[in-house]
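Trainee: Here's a structure for you.
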């Protein structure tokens, strides 16, 4: 068996890395904490006191890049705006298409009107006698 130093060093280094990784994995799994204690109290810097930030100065708005529109001016003034409005249109009442209901027929009560309306449901030869009977009960 031939002994090579480079191969030996390579294997030793590999074994050391594997051992370190396994020991770290075991320590992490076992939740083992290592600490080195140094005597004496530990002082920390106090929290800084709140200081208002410096004021912020805003840049003024940019200048206007256009001119405002000129005022509206009519020459001469439109006459339609200054004339009085025309008088309202007058429409006479329309003539009634049908004559008033009270002109030709007597006034019927609601029951008589229902009976007269039901006469149209009868046979045509019976309708005249029905209407005559209903109208004979009026005053």
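The values are calculated or read from the model by the stated rules, or taken from the named source; none is laboratory data. Since the model is a prediction, treat every value here as computed from it, not as a measurement. Cβ sites come from the backbone with ideal geometry, for glycine too, and all protein chains shown count toward neighbours.
Trainee: Any residue that is exposed (fewer than 10 other Cβ atoms within 10 Å of the Cβ) and either modelled with pLDDT of 85 or more or not in a loop (DSSP other than H, G, I, E, B) (or both) - is there at least one of those in the range 31-49?
Mentor: No, every residue in the range 31-49 fails to be exposed (fewer than 10 other Cβ atoms within 10 Å of the Cβ) and either modelled with pLDDT of 85 or more or not in a loop (DSSP other than H, G, I, E, B) (or both).
Trainee: Scanning the range 115-139 for residues that are out of contact with any helix residue (DSSP H, G or I) (no Cβ under 9 Å at 6 or more places or on another chain) and within 16 Å of residue 105 (Cα to Cα), which turns out modelled with the lowest pLDDT?
Mentor: 139
Trainee: Return only the number of the condition from (1) at pLDDT below 70; (2) over 58 Å from the mean Cα position of the chain (by Cα) that residue 10 does not satisfy.
Mentor: (1)
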